[in-house]
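Worksheet for the structure shown next.
The values are calculated or read from the model by the stated rules, or taken from the named source; none is laboratory data. Treat the numbers as computed from the prediction; the structure is a model and nothing was measured. Reconstructed Cβ throughout: ideal geometry from the backbone, glycine too, with neighbour counts over all protein chains shown. For the accessible areas, the whole protein counts, side chains as well, though only heavy atoms, and no ligand, DNA or RNA atoms are used. Shrake-Rupley method; radii C 1.70, N 1.55, O 1.52, S 1.80 Å.
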Amino acid sequence: MSPLRSLLVLALLVAGAAPALAAEDTVARWQRADAACGLPASPLAEQACEDRDRYATALRRQGWCEARATTEYDHWGWRRCAPAATARAMPRRRPRPHA
């Protein structure tokens, strides 16, 4: 295999791994925001809750779903959704009312 071809194969492998790494980073950010959201009421906790919701939306758009919890206070993390589940997880936009 030529060095150029080897480099091309390596570049394609790295490019394919980039979205997965980005999603894992977003999951880590969601986890930190979720932990901070549970702090006593404060501006920091409020911001963390808003950040957590924003990260959750980003993960859903990337095809990730929240795993089902076994108890009221559990969160079992994020996993890749099945294609049909992704369509159900995306909120539908309502048409804007005309003024």
Does segment 36-68 hold any residues that are more than 18 Å from residue 79 (Cα to Cα), among the hydrophobic types (A, V, I, L, M, F, W, C) and in contact (Cβ under 8 Å) with a residue 12 or more places away in the chain, and which are they?
36, 37, 48, 49
Tell me, yes or no, whether segment 47-63 has at least one residue that is surrounded by 11 or more Cβ atoms within 10 Å (Cβ to Cβ) and modelled with pLDDT under 70.
no
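Residue-by-condition table, conditions (1) at pLDDT below 70; (2) open to solvent by 50 Å² or more (accessible area, probe 1.4 Å); (3) within 12 Å of the chain's Cα centre (by Cα):
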site	(1), (2), (3)
16	yes, yes, no
26	no, no, yes
39	no, yes, no
45	no, no, no
80	no, yes, yes
93	yes, yes, no
